[in-house]
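Working notes, beginning with the structure itself.
Read the figures in this text as sums done on the coordinates, not as results from a lab. From a predicted model like this one, the values you see are computed outputs, not experimental measurements. Here the Cβ is made from the backbone with ideal geometry for all residues, glycine too, and neighbour counts use every protein chain on show.
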Amino acid sequence: MCIKVSFHIKLFISLILFFSLLLLLIGIYYYYDLDKQLYAELGARAQVQSREIAMIPTLIDAVEIKDTDAIAALVGKLAKRSDASYIVIGDEHGMHLYHSGYPGSIGKSMIGGDNTEVLQGKDSISVRRGGLGISLRSKAPIFDGQHHIIGIVSIGYLKTRIDVLSTGKLINILVMALMLLVALFVFSWWFANTMKKQMFSLEPREIGLLVRQQKALLESIFEGVIAIDKEYRVAEINQAAKSILSLHASSRELRGQRLSSVIKPIPFLQEKTMLASDTHDEICLFNQVTVIASRVRILLEDKLQGWVISFRDQHEINSLNVQLSQVKRYADNLRILRHEQLNWTAALAGLLHMKRYDEAIRYIEAQSESAQEILDFVSARFCSPALCGLLLGKYAGAREKNVELLFDPACGLAQLPSGLRETELMSIIGNLLDNAVEATLLRKGERYPIEAYIVGSARDVVIEIADQGIGIPQGMRERIFDVGITTKPSGDHGLGLHLVANYVNHCGGTIEVSANQPYGTVFSIFIPMESRAMLPDLINPDESDDTA
């Protein structure tokens, strides 16, 4: 059975094992180094003592006449004051004259085989086995007045004593190591638990998976997202943000850069503004791109860690609003058709209920003839069934509002232009017709018909919608295609003409706005059958009087 051990336990055990091994290696090294230093120190000490003793005049005189009693009396006092294990005095033949640790060796040969160099007038330090055992010893020659070698001084430290000294120091090292190990145990446990809290009790594998998931989530967001730290450096940026801001560097290259090097400084990104409060859905200009941005502070334990800035292109939001508005208008057309059909059915049911069958037949024929006439005209002149449905819906909607919509007898569209989708062409025509109807309704007095001229040729498609409505105020003529510009007092307006201009510009068409007589406006649109590059100045508002 496999037992899973958590990361912080693994970390704790790893730290303890690592530190224990490190201390063991340091202890072994220190022990051998200490032993080496101890031998060198004691050897030097023995050498100094042997030299000093060899130069004592009374000792020289006693050795010269081999007076062992005098030697014993003199060196015995020195041996008591010395920390050496023994002091030995020998003659020029290597025979013992005195031994502080082994008096019975007097008259016997000195053992160890290290007298040769000394008898040649040189000092020596060696580790040899003597009468008391293995020892570290230093030997110095004794010279007489004529500088002849007459004896040897040997001072030694038994290995057993050196080992005792080493053991004492080793015990101190082990005590210190044990105390350090306990401290490391406590530190390792604290460090492991701190790491556990910092990682929210997650395993490294889980953290890695979480990071990959968050990165995938960040990249899947349609909005641009930039996370910055409290030093205003980029911590994270997604692909959508780079696309909106036209940044070509990789995310790795952008991380760590100042925010001002990614987005040109604006009031929205000033330090005082960002520290003051969060904000949502504020219109800003990021690198010449108009965006709707939000800014949220990142707080950890009530301490500021940075900000998350999210934004989206305002043009895309406007497009969505316009498309939603267009869907609503389609729904209104269907509602109008349904309402008209219910009224027609109710009138017919009433006639049948009263058993006025002849009048019911005449009513059906009248209604059918009128509806069939416009149905036959539209279906025969336009190739797109969806466009036919739109025109019939607009016709019925205008009639319900007591506004007449007249189609020019020359209308006809055998094919759609290549640069426009069917829905875009429907949006252009539908918005112009809606504007014309609303302008007509806003004018007091007699309501004149709206005229529609939609013709397609081999070269282009001409769409002309003329009304006799309230017209466009003088100050609005240059801005009628901007977002939010409208003459209507209420409702979801100000987007239709902007959408029309966008579609026409995209396919390389042109828009002309001119005055109608005696009042009103004529919108003329020319769309090429074959798509061409978009021209820079396509909208030429003339003097006109229509509503936006």
In nm, what is the difference between 0.36 nm times the number of residues separating ILE266 and ILE60 and their Cα-Cα distance? 64.1 nm
Selection from LEU165, ILE9, GLN37 lying farthest towards where the dipole of the stretch 8-165 points positive, charges on Cβ: ILE9
Links exceeding 26 Å between C-alpha atoms in this model, out of LYS80/LYS159; LYS196/LYS272; LYS122/LYS159, come to LYS196/LYS272
Please compute the modelled spin-label separation between LEU181 and SER220, points set 7 Å along Cα→Cβ, answer in nm with one decimal. 5.2
SER277/ILE171 FRET efficiency (R0 51 Å; Cβ-Cβ; nearest 0.05): 0.15
Kirkwood hydrodynamic radius, the stretch 1-151, all distinct C-alpha pairs: what's the number in Å? 18.3
Sequence-distant residues sharing a close amide H with ARG443 (under 5 Å, placed H): ILE470
Residue-wise, which Karplus ³J(HN,Hα) couplings in Hz belong to the stretch 382-397, taking 6.51 cos²θ - 1.76 cosθ + 1.60, θ = phi - 60°, and x for glycine or proline? 10, 7, 8, x, 5, 5, 4, x, 4, 5, 5, x, 5, 4, 5, x
Would you list which lysines come within 20 Å of LYS108, measuring only between C-alpha atoms, while excluding same-chain residues fewer than 8 positions from it? LYS66, LYS139
Out of the trypsin sites (Lys or Arg not before Pro) in the stretch 48-149, which ones are loop residues according to DSSP with at most 16 other C-beta atoms within 10 Å? LYS66, LYS108, LYS122
Interchain or long-range residues, amide H under 5 Å from CYS411's placed H: ILE454
If R0 = 35 Å, then LYS303 and SER20, at their Cβ-Cβ distance, give a FRET efficiency to the nearest 0.05 of 0.40
Give me the extension gain from PHE191 to GLU373: residue separation times 0.36 nm, minus the current Cα-Cα distance, reported in nm with one decimal. 56.7 nm
Would you please classify the overall shape of the stretch 222-313 from the alpha carbon gyration tensor, given that a ≥ b ≥ c denote the square roots of the eigenvalues, rounded means a/c under 1.5, and beyond that prolate means a/b larger than b/c while oblate covers the rest? oblate
So, R0 is 35 Å and r is the distance between the beta-carbons of LEU285 and ARG252; what FRET efficiency does that work out to, to 0.05? 0.80
Can you list the residues, at least 5 places off or on another chain, whose amide H is less than 5 Å from the amide H of ILE150, using H built in the peptide plane? ILE142, PHE143, ASP144
Determine the gain in length on full extension of the stretch ILE111-HIS353; use 0.36 nm per residue of separation and subtract their C-alpha separation, reporting nm with one decimal. 72.0 nm
